[in-house]
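Presented below is the structure to which this report refers.
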Amino acid sequence: MPSSPEDTENTTDRTLRAGDTGHADGPGRAEHSGAAAPSAAPVDSLVLHATDNGVSWITLNRPEAMNAVTWDQRERVIALLAEASADPAVRAVVLTATGRGFCAGADLRGAPAPGPSTPGTRAPGDRVPGDVARTIRLGAQRLIAAVLDCEKPVIAAVNGTAAGIGAHLAFACDLVLAAETAKFIEVFVRRGLVPDGGGAYLLPRLIGPQRTKELMFFGDAVPASDAERLGLVNRVVPDADLKATARTWAERLADGPTRSIALAKQLVNASLESDRGTAFAAEATAQEINMTTRDANEGVASFVERRAPTYRGL
């Protein structure tokens with residue numbers, strides 16, 4: 001389960017030095033981390049993107065900050081996930097990162113200020129009721145929703161520490177692969193903060209309320225092997241094998257019946273907040289929609305003809 005206190009503190013120290021805010025509660029939070037200001041590099045160098053064999057690879061690329069995600073990185077990831085949904089050539093997505101960290105949380109330095117944009121209407125740094133909730137809704141929650149709502153299956157390839165919103169970003173993905181050295185930390189309690197980015201929605205659905213409270217109340221680091229045992233991770237692989245395994249899984253998905261996978265994702269995501277009648281009705285509707293697709297007809301025809309199907313994602 002959680003790692004030793006010594007290991008937890010060492011991981012936290014590294015994360016803090018990298019610029020993790022852990023919580024997206026408004027501009028200025030990251031100034032207290034002691035980290036250097038976010039890079040002024042173009043966002044397309046901070047979020048690498050490539051499409052290969054039907055797979056959209058989205059890679060966070062601020063290794064010097066353990067990929068604490070900035071406002072413009074977040075917006076870029078959201079946009080890329082929306083593009084993946086709309087592009088018939090994209091049939092699976094991999095979300096990963098460079099360096100030793102997957103994502104050390106949120107770094108909001110450089111984000112637009114909340115509230116009125118008219119100069120002189122509010123002193124810099126002023127916060128009024130509603131600012132925090134608005135920042136959460138428009139920030140961390142939009143990022144998590146973009147993963148959950150993506151019409152293509154999304155694999156998280158977790159290469160290192162995933163803390164705060166970084167952990168929730170991984171848990172929102174449809175499948176989670178983790179390197180052996182990866183760790184997951186519900187870091188918010190260490191700063192006296194409430195979990196954001198959908199954590200209190202995601203974790204109970206994955207591991208139940210008691211396990212969720214243990215992770216959130218204590219904030220201990222959870223090694224990849226324990227995360228797999230708890231059900232937060234599908235598979236743990238040697239660090240050197242992470243990218244290859246992610247590629248194998250993603251290309252299998254990309255070769256599959258894309259629309260039926262999308263409908264299955266929607267049904268599963270909705271199932272835990274639906275009663276039986278609603279879930280059954282949604283299933284019947286999904287079946288009706290799916291049987292209009294080329295891939296469904298190809299699947300049936302290949303069965304009758306005793307051959308392997310060729311799916312085109314249509």
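The residue that is nearest to the chain's Cα centre (by Cα), among those in segment 207-220 that are over 12 Å from Val189 (Cβ atoms) and open to solvent by 70 Å² or more (accessible area, probe 1.4 Å), is Arg211. Considering only residues in segment 98-129 that are modelled with pLDDT under 85 and of a type in the set (Gly, Ala, Ser), the one that is most open to solvent (accessible area, probe 1.4 Å) turns out to be Ser117. Right, Leu263: more than 23 Å from Trp57 (Cβ to Cβ), under 23 Å from the mean Cα position of the chain (by Cα) and open to solvent by less than 60 Å² (accessible area, probe 1.4 Å) or not? When the stated conditions are applied, Leu263 passes them. Of the residues Ala254, Ala250, the single one that is touching a Lys or Arg at 6+ places or on another chain (Cβ under 7 Å), modelled with pLDDT of 95 or more and under 28 Å from Asp295 (Cβ atoms) is Ala254. In segment 197-247, counting only helices (runs of 4 or more DSSP H) that sit wholly within it, the ones holding 1 or more residues that are farther than 23 Å from Ala106 by Cβ and not polar (S, T, N, Q) span 209-218, 224-230.
Summed over segment 130-181, the residues that are open to solvent by 40 Å² or more (accessible area, probe 1.4 Å) and not in a helix (DSSP H, G or I) give a count of 5. Here segment 292-306 is the region considered, the condition is being open to solvent by 60 Å² or more (accessible area, probe 1.4 Å) and under 21 Å from Leu253 (Cβ atoms), and the residue that is farthest from the chain's Cα centre (by Cα) is Phe303. Could we say that Gly192 is surrounded by fewer than 17 Cβ atoms within 10 Å (Cβ to Cβ) and either within 13 Å of the chain's Cα centre (by Cα) or over 20 Å from Ala92 (Cα atoms) (or both) here? When the stated conditions are applied, Gly192 passes them. Across segment 256-297, the number of residues qualifying as free of Cβ contacts under 8 Å to residues at least 24 places away in the same chain and in a helix (DSSP H, G or I) comes to 21.
The values are calculated or read from the model by the stated rules, or taken from the named source; none is laboratory data. Keep in mind that this is a model prediction, so the values were computed, not measured. Neighbour counts run over all protein chains shown; Cβ positions are idealised from the backbone, glycine included. Accessible surface areas use protein heavy atoms only, side chains included; no ligands, DNA or RNA. Shrake-Rupley method; radii C 1.70, N 1.55, O 1.52, S 1.80 Å.
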